[in-house]
Amino acid sequence: MKTYSAKKEDITRQWVVIDAQDQVLGRLATRIAHILRGKHKPIFTNHVDTGDFVVIVNAEKIRLTGKKLDGKVYYRHSGYPGGIKGMTAREMLDRKPEQVIRIAVKGMLPKNRLGSGMISKLKVYAGPDHPHKAQQPEKLEL
């Protein structure tokens with residue numbers, strides 16, 4: 001018996017919509033990373049991107065457990081000496097709620113070209129509307 005290895009031509013990508021309202025950030029991010037990698041499919045191959053497109057709505061209504069709203073800090077650096085900036089999770093949810101989910105999911109994907117392609121299939125929107133109606137995404141309940 002031979003082991004099956006998926007090829008680019010064999011992959012059919014689906015579109016999935018997930019409502020992030022009242023979902024815990026880490027648990028949601030693991031499910032999203034699972035779908036983006038394609039691990040939910042029987043044709044999953046480690047070195048090929050077999051994942052689906054994921055659309056996240058209501059990102060501003062995500063939940064963080066414990067004291068993470070004020071304790072978790074997102075850092076970025078400009079590259080210059082003294083150029084480090086920090087923003088708490090509460091500030092980040094107020095200013096850029098899409099980035100909170102994107103950063104959490106990106107940390108769970110491979111750190112190579114394959115991971116870069118996977119994160120580009122993630123579409124995150126703060127409100128309940130999204131412009132991907134033409135792709136006929138199916139709603140996924142978590």
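A short reminder: the numbers here are calculations on the coordinates, not readings from a lab. Predicted, not measured: the structure shown is a model, and the values here were computed from it. Counting neighbours? That spans all protein chains shown, and the Cβs are built from the backbone with ideal geometry, glycine included.
Cross-link partners of K39 among aspartates and glutamates, defined as those whose alpha carbon lies under 14 angstrom from its own and excluding same-chain residues fewer than eight positions apart: D49, D52.
Taking the longest Cα principal axis of the chain as reference, the axis of helix 97-106 is set at about 50 degrees.
Cross-link pairs exceeding 32 Å between alpha carbons, from the set K7/K123; K41/K67; K85/K133; K61/K85: K41/K67; K85/K133. Here's the picture: charge each Lys and Arg Cβ at +1 and each Asp and Glu Cβ at -1 in the chain, and of G117, I84, Q23 the one pushed furthest to the positive end of that dipole is I84.
Peptides 28-39, 61-72 ranked from most to least packed give 28-39, 61-72, packing being the mean of other C-beta atoms within 10 angstrom over each peptide's residues.
Rounded to the nearest 5, what is the percent of antiparallel bridges among the DSSP beta bridges in the chain?
30
Around the Cα centre of the chain, unit charges on the Cβ atoms of Lys, Arg, Asp and Glu (plus for the first two, minus for the last two) sum to a dipole of about 500 debye.
By the rule of a C-alpha distance below 12 Å, with chain neighbours fewer than 8 residues away ignored, the aspartates and glutamates paired with K72 are E91.
Suppose we keep just the DSSP beta bridges with both residues in region 11-89; what percent of those would be antiparallel, to 5? Given both bridge residues lie in region 11-89, the antiparallel proportion sits at roughly 45 percent.
To the nearest whole percent, what portion of all C-alpha pairs in the chain is separated by more than 25 angstrom?
34
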